[in-house]
Amino acid sequence: MGHILVSGREGQLGSELKDLPAKQKFQFVFTGRNDLDITDEAVLQAAFEKYKPVFFINCAAYTAVDKAETDQENAYKINAEAVGNIAKQCRQHNTKLIHISTDYVFDGKGVQPYKTDDKTDPVNYYGYTKLTGEQLALNNNPQTIVIRTSWVYSAYGANFVKTMIRLMKERREINVVGDQFGSPTYAKDLAEAILQIVNSEWAAVNKEDTHSSQLTDNSFPGIYHFSNEGNISWYDFAMAIRDIQQLDCTVNPIPTSAYPTPAKRPAYSVFDKSKIVNTFNIQLKDWKGSLQACLNKL
Ligand SMILES: NC(=O)c1ccc[n+]([C@@H]2O[C@H](COP(=O)([O-])OP(=O)(O)OC[C@H]3O[C@@H](n4cnc5c(N)ncnc54)[C@H](OP(=O)(O)O)[C@@H]3O)[C@@H](O)[C@H]2O)c1
C-alpha cells in the first residue's frame, strides 16, 4: 500500500483531511511541526527515505497574514524555501506533490473570476511568499499540483467564522468589512476535493499495485483554483453566520479604509474554478450550505 505523507496535521486543512473516512487505498501518515518541521531539510529527507511516499500533501504553512509583514524571514522559510525543498525531495522520490496556495497571489483589482493563468501580483508579503512557494513547487518537481484556495474556515483552529461567533456573543454591535469580495472555503470540502484528486491521479496512471516510476503518465500537474461557490463580502459572510446561529448582534458594513491592517488585502478574489471541475470532476458546494454544515459540526 502506497504511503501519503501529509504535513500540517494540526492546521484547519490537515485536521479535516485526517477526519475523512474512506482513505483505505493508501496509508496516510499525518505529521505535525513536532515530527516533521518542513523547514528542516534533514528531517524532510529522512521522512521521504522512510516512507517513499506516492503523494506528499503540504497542508503546513505560515498563515498569519498580518504578522508576516514583520516576521518576513519565518514566513519566507515556511511558505517558499521549505516548499522548494519538499518539491526537490518529491522529484528525487518520484512523489506527486499536492501543495496549497492562496487567492492572495492576485492583486484583487480584477472584476471577473480569476483564471489559473491570470497575472499574479501579490499586495502583501504573505502573498509574495505563497507565490514564490508555488513557483518553486512547480519548478522543482514536474509532478506538482498547486491548489489555490480562499477564505478558509473549519471546525478546527482559528478562523473568521469562530471569531465572528465569539464577537457576536460578546458585543451588541460589530463592524465588518463590506467592500472585499471573495468565496469562503470550508476546509472539509477542500479536503474531500484533495482526496478525489489523489484517487483520480492514481487511477490515471493505472498502477494500483506498486509505487510506479511512471506516475506522470496521464496525470494533470499544474495550478488549480478551489473554493465554495459564491461571491460575497465579509459582511455578507458575517450576516449569514449571525442568522444561522440566531445571534442577537447588529452587524454594520464598513469600508476597508475604516479597518486598517498591517497587510493589505485584495478587494476581489473570486476564482474561476472550471479547470478543477473539468479535470477532476469535482462537484462544488454552495458556500451557505457548507457554512451550515460547519456550524452543525461546531
Ligand atoms: N486560512 C485561510 O484563510 C487560507 C486562505 C487561502 C489559502 N490558505 C492556504 O491553505 C493552506 C492550509 O491553511 P490552513 O488554514 O489549514 O492553515 P493553518 O490552520 O494555519 O495550519 C497550518 C499548519 O501548518 C503548521 N506549520 C507551520 N509551520 C510549520 C513547519 N515549519 N513545519 C510543519 N508544520 C508547520 C502550523 O503549525 P503551528 O500552528 O505550530 O504554526 C499549522 O498547524 C495553507 O497553505 C494556506 O496558506 C489558507
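No value in this document is a laboratory result; all are computed from the given coordinates. Remember, it's a predicted structure, so these values are computed and weren't measured experimentally. Cβ coordinates were reconstructed from backbone atoms using ideal geometry, including for glycine residues, and neighbour counts include every protein chain displayed.
Just to be sure I understand: with springs between alpha-carbon atoms less than 10 Å apart, which residue in Ser274, Ser101, Ser150 has the highest mean-square fluctuation in the Gaussian network model of the chain?
Ser274
Calculate, in nm to one decimal, what Thr261 and Asp19 gain on full extension: separation in residues at 0.36 nm each, minus their alpha carbon distance.
83.8 nm
What is the helix-to-structure angle for 41-51, meaning the angle in degrees between its Cα long axis and the longest Cα principal axis of the chain, kept from 0 to 90 and rounded to the nearest 10?
Between the helix axis and the principal axis of the chain, the angle is about 60 degrees.
Cα-based Rg of segment 23-105 per 2.2 N^0.38 Å, rounded to two decimals? Can you show the working numbers first?
Working: Rg = 13.4 Å, N = 83, 2.2 N^0.38 = 11.8 Å.
Computed over Cα atoms of segment 23-105, the ratio equals 1.14.
Summing -39500 (n - 2.57) over the DSSP H runs of n ≥ 4 in the chain and dividing by its residue number, what mean residue ellipticity at 222 nm do you reach, to the nearest 500 deg cm²/dmol?
The helix-only estimate for the chain comes to -11500 deg cm²/dmol at 222 nm.
When the chain is modelled as a GNM with alpha-carbon springs shorter than 10 Å, which of Ala60, Ala258, Ala158 fluctuates the most?
With Cα springs under 10 Å in the chain, the top fluctuation among Ala60, Ala258, Ala158 is at Ala258.
Which residue, Thr132, Thr163, Thr31, tops the fluctuation ranking in a GNM of the chain built on C-alpha contacts under 10 Å?
Of the options given, Thr163 has the highest mean-square fluctuation.
Quote to one decimal, in nm, the extra length available between Asn231 and Gln112 on full extension: 0.36 nm per residue of separation minus the C-alpha distance between them.
Extending this stretch completely gives an extra 41.8 nm.
Would you please give the residues with an amide H less than 5 Å from that of Tyr224, counting only those at least 5 places away or on a separate chain, with H modeled from the backbone geometry?
Val146, Ile147, Arg148
Going by alpha carbons, how many degrees (0 to 90, nearest 10) lie between the helix axis of 82-93 and the longest principal axis of the chain?
Result, in degrees: 30.
Within straight cross-link reach of Lys297, meaning Cα distance under 20 Å, which lysines are found once same-chain residues fewer than 8 apart are removed?
Once the sequence-local lysines are set aside, what remains near Lys297 is Lys18, Lys162, Lys169, Lys188, Lys285, Lys288.
Show log10 I(q)/I(0) for the chain at q = 0.10, 0.12, 0.15, 0.16 Å⁻¹, two decimals, from a solvent-free Debye sum over equal Cα scatterers.
Each listed q maps to, in turn, -0.53, -0.77, -1.19, -1.34.
Pairing the Cα long axis of helix 187-205 with the longest principal axis of the chain, what angle in degrees results, from 0 to 90 and rounded to the nearest 10?
That works out to roughly 20 degrees.
Counting only C-alpha contacts under 8 Å and six or more residues apart, can you give the relative contact order of segment 96-135 as a whole percent? Numbers along the way, then the final one.
Numbers: 32 pairs, mean separation 19.4, N = 40.
It comes to 48 percent, rounded to a whole number.
Let's test the formula: R0 of 51 Å, r as the Cβ-Cβ distance of Asn278 and Glu170. What FRET efficiency results, to the nearest 0.05?
Details: r = 45 Å, r/R0 = 0.87.
For R0 = 51 Å, the calculated efficiency reads 0.70.
Where Lys and Arg each count +1 and Asp and Glu each count -1, what net charge lies around Thr129 among other residues with Cβ under 15 Å from its Cβ?
Working: positive: Lys67, Lys77, Lys130, Arg148, Lys264; negative: Asp66, Glu69, Asp71, Glu73, Glu81, Asp103, Asp121, Glu134.
Net of charged neighbours comes to -3.
Over the Cα atoms of segment 139-298, what Rg and Dmax result, in angstrom?
18.8, 60
So for the chain, averaging the separation of alpha carbon pairs under 8 Å that are six or more residues apart and normalising by length, what relative contact order in percent results? Show your work: numbers first, answer last.
Numbers: 576 pairs, mean separation 64.0, N = 298.
Computed value for the chain: 21 percent relative contact order.
Cut-off under 22 Å on the C-alpha distance; same-chain residues fewer than 8 positions from Lys119 excluded. Which lysines are left, in chain and number order?
Of all the lysines, those that pass the test against Lys119 - Cα under 22 Å, at least 8 places apart if same chain - are Lys109, Lys130, Lys264, Lys273, Lys275.
Treating only the Cβ atoms of Lys and Arg (+1) and Asp and Glu (-1) as charged, compute the dipole magnitude of the chain about its Cα centre; round to the nearest 20 debye. Display every interim value, and only then the final one.
Working: 32 positive and 34 negative charges, 71 e Å.
Approximately 340 debye in magnitude.
If I take every Cα pair under 8 Å that is 6 or more residues apart in segment 214-298, average their sequence separation and divide by the length, what percent do I get for the relative contact order? Present the calculation step by step, with values, prior to reporting the outcome.
Numbers: 41 pairs, mean separation 41.9, N = 85.
For segment 214-298, the relative contact order is 49 percent.
Could you give the nm distance between label points at Lys52 and Asn252, where each point is 7 Å from its Cα heading toward the beta carbon?
Roughly 6.4 nm, to one decimal.
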